[in-house]
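Q: Attaching a single structure in structure tokens format; questions to follow.
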Amino acid sequence: MVHDFVGSFDLFGFLAWVRARIDHGFPLYLSNLFNWMEVAMSVAAAFATRMIPLRYISMLGNAAGLAYGLGSGSFSSIVEYGVSLPLNAARARQMRKLIVAVRQAAETDLNIEWLKPFAHARRFKAGEMIFRKGDKASEAFIVTEGEVEIPEAGANLRPGDMFGEMALFTHDGARLASAVCRTDVETLYITYEEFEQHYFQNPEFGLYLVRLIVRRLERNHRRALSRLEAV
């Protein structure tokens with residue numbers, strides 16, 4: 001079967017044909033130019049300190065490398081850069097969408113829908129302790145179904161609420177309060193390591209995350225004052 005396929009499509013013969021066609025209209029100096037462009041982009045990528053610019057620089061390098069591969073008839077270059085270019089483009093698009101979603105959430109209603117594609121599902125039974133005050137923390141949660149109580153704050157969390165993220169910013173990484181399931185609960189969780197990865201890939205993510213957390217603290221503070229005034 002493999003022999004039949006090779007016999008029906010001579011890949012190297014096809015590349016030789018492409019090279020012969022290109023040689024008539026693709027000067028050697030232009031092929032070398034694309035090669036040096038790819039080298040220059042590789043060097044520039046080493047100096048990039050943020051992930052999104054790094055992706056864009058890599059895409060330019062991939063495009064130049066692909067052009068060089070087509071011009072020189074280098075099958076390995078065609079495969080390498082032909083695969084890398086769309087992958088880098090997809091990653092850059094994903095990061096841009098994430099930043100836009102976080103920015104919109106920070107400017108509007110504290111919506112955390114943007115975080116769901118990066119989270120993992122976990123279920124708890126009614127009465128189960130999700131974590132205790134003082135526990136070592138490693139993840140934050142989003143309630144998707146059910147109700148979670150934070151006893152120390154006198155707060156009940158419902159679908160859409162996020163909790164457990166504050167320990168990410170504490171000195172010893174300890175939980176500042178406990179979380180108990182008042183009903184059967186379904187959550188999404190994201191580890192602090194994943195938070196950090198997104199932050200280092202693009203510091204803008206961390207900026208808007210902090211804004212969200214501060215706004216939520218302000219909201220909780222207003223609720224606490226309202227309860228005190230009611231008493």
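The values are calculated or read from the model by the stated rules, or taken from the named source; none is laboratory data. The model shown is predicted, which means the values in this text are computed figures rather than measured ones. For neighbour counting, all protein chains shown are included, and Cβ atoms are generated from backbone atoms with ideal geometry for every residue, glycine included. The protein model used for the area step is the full one, side chains on, heavy atoms only, and it has no ligands, DNA or RNA in it. Shrake-Rupley method; radii C 1.70, N 1.55, O 1.52, S 1.80 Å.
Rundown of residues vs (1) touching a residue at least 12 places away in the same chain (Cβ under 8 Å); (2) within 21 Å of Met95 (Cα to Cα); (3) open to solvent by 50 Å² or more (accessible area, probe 1.4 Å), yes/no style:
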position	(1), (2), (3)
Ala45	yes, yes, no
Ala48	no, yes, no
Asn62	yes, yes, no
Tyr68	yes, no, yes
Ser76	no, no, yes
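Q: Okay, moving on. Please find, among Phe163, Phe118, Phe131, Phe169, the residue that is modelled with pLDDT of 90 or more and either closer than 15 Å to Leu212 by Cβ or surrounded by 14 or more Cβ atoms within 10 Å (Cβ to Cβ) (or both).
A: Phe131
Q: Only one of Gln104, Gln94 is at pLDDT 75 or above and under 30 Å from Arg219 (Cβ atoms); which?
A: Gln94
Q: Out of all the residues in region 151-173, which are of a type outside the set (Phe, Trp, Tyr), touching a Phe, Trp or Tyr at 6+ places or on another chain (Cβ under 9 Å) and part of a strand (DSSP E or B)?
A: Scanning region 151-173 gives Ala155, Leu157, Met162.
Q: Considering only residues that are of a type in the set (D, E, K, R) and either within 14 Å of Ile213 (Cα to Cα) or at pLDDT below 85 (or both), which ones fall in region 172-185?
A: Asp172
Q: Which residues, taken from region 122-134, are in a strand (DSSP E or B) and closer than 14 Å to Arg182 by Cβ?
A: Phe124, Met129, Ile130
Q: Ok, one more. Among the listed residues Arg216, Arg211, which satisfies the condition of being open to solvent by 20 Å² or more (accessible area, probe 1.4 Å), under 15 Å from Asp161 (Cα atoms) and either in contact with a helix residue (DSSP H, G or I) (Cβ under 6 Å, 6 or more places away or on another chain) or at pLDDT below 85 (or both)?
A: Arg216
Q: If the Cβ limit is 8 Å and pairs must be 6+ apart or interchain, which residue in region 162-190 that is closer than 14 Å to Lys136 by Cβ pairs with which residue that is among the polar types (S, T, N, Q) and at pLDDT below 95?
A: Gly173/Ser138; Leu176/Thr170
Q: Take the residues of region 135-150 that are open to solvent by 50 Å² or more (accessible area, probe 1.4 Å) and either assigned to a loop (DSSP other than H, G, I, E, B) or of a type in the set (Val, Ile, Thr) (or both): which is farthest from Ile190 (Cα to Cα)?
A: For region 135-150, the residue satisfying everything is Asp135.
Q: Can you tell me which of Val2, Val6, Val83 is among the aliphatic types (A, V, I, L, M), at pLDDT 80 or above and out of contact with any helix residue (DSSP H, G or I) (no Cβ under 8 Å at 6 or more places or on another chain)?
A: Answer to the check: Val83.
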